[in-house]
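These notes concern the structure reproduced below.
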Amino acid sequence: MIFNVSQLLRQEVGASRRYELEPEENLSRGRVELIRTPGGVLVRCDATVGVDASCSRCLAPFGYEEEIEFEEIFAQQVDPVSGRKLETDPDSFLIDTNHTIDITEAVRQYSEMAAEMQPLCRPDCPGICPVCGTDMSIAPCQCDRTPIDPRWQALVALKRKTNG
């Protein structure tokens, strides 16, 4: 996801280019618009990305697609006409010294932010039994999971200890 912006940097503020993103690793489709600004290039991107995750209930790995959208300014490091080095913010996205923009890192960061905090492999995932650790989406467990009155917990524990 690298774009050469050397010609765009030589144009007036407001000049733009549009590109369709080619499918590649973790990217299904998308569009990018590059707009010349006084200090660099504004990148507008909307894309569909693949997210690899582990189910928060059963821990099974799975993947899903997520829509991302962002606008970021990529700052110039070098003036394209004079070749003079420009002062830049070290925390901002930068146009490299060859006048190319690589949006891979921005796409990765926005994909991380769009990812679900507690992803589920499916909405009705039963998860893992907290007692025996059986994946209940594969097989039901045989644990007795009836709620116990907390006042009787010590007695139940004593009974298990003497029977077990």
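Only one residue in Val78, Val107, Val49 is closer than 30 Å to Ile138 by Cα and of a type outside the set (Phe, Trp, Tyr). Which one? Spell out how you get there, then give the answer.
Values: Val78 fails: closer than 30 Å to Ile138 by Cα; Val107 fails: closer than 30 Å to Ile138 by Cα.
Sole residue among the options that is closer than 30 Å to Ile138 by Cα and of a type outside the set (Phe, Trp, Tyr): Val49.
Tally up the residues in segment 1-23 that are free of Cβ contacts under 8 Å to residues at least 60 places away in the same chain and open to solvent by 90 Å² or more (accessible area, probe 1.4 Å), please.
The first filter runs over segment 1-23 and keeps only residues free of Cβ contacts under 8 Å to residues at least 60 places away in the same chain, leaving 7-8, 11-23.
Cutting the leftovers down to open to solvent by 90 Å² or more (accessible area, probe 1.4 Å) gives us 7, 12-13, 18, 20, 22-23.
The total comes to 7.
Only residues that are open to solvent by 40 Å² or more (accessible area, probe 1.4 Å) and in contact (Cβ under 8 Å) with a residue 24 or more places away in the chain were counted across segment 123-134, and they come to 2. The set of residues in segment 94-131 that are part of a helix (DSSP H, G or I) and either in contact with a helix residue (DSSP H, G or I) (Cβ under 7 Å, 6 or more places away or on another chain) or farther than 21 Å from Thr37 by Cα (or both) comprises Arg108, Gln109, Tyr110, Ser111, Glu112, Met113, Ala114. With respect to (1) open to solvent by less than 70 Å² (accessible area, probe 1.4 Å); (2) more than 12 Å from Gly30 (Cβ to Cβ); (3) within 21 Å of the chain's Cα centre (by Cα); (4) not small (Gly, Ala, Ser), the lone exception for Val43 is condition (2).
Rundown of residues vs (1) under 25 Å from Leu8 (Cα atoms); (2) touching a strand residue (DSSP E or B) at 6+ places or on another chain (Cβ under 9 Å); (3) among the charged types (D, E, K, R), yes/no style:
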| residue | (1), (2), (3) |
| --- | --- |
| Val32 | yes, yes, no |
| Gly40 | yes, yes, no |
| Ser82 | yes, no, no |
| Thr97 | yes, yes, no |
| Ile101 | yes, yes, no |
| Val107 | yes, yes, no |
| Met113 | no, yes, no |
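The values are calculated or read from the model by the stated rules, or taken from the named source; none is laboratory data. Because the structure is a prediction, the values reported are computed rather than measured. Methodologically, a virtual Cβ is constructed for each residue, glycine included, from the backbone with ideal geometry; neighbour enumeration extends over all protein chains shown. We work out accessible area using only protein heavy atoms, side chains counted, and drop any ligands, DNA or RNA first. Shrake-Rupley method; radii C 1.70, N 1.55, O 1.52, S 1.80 Å.
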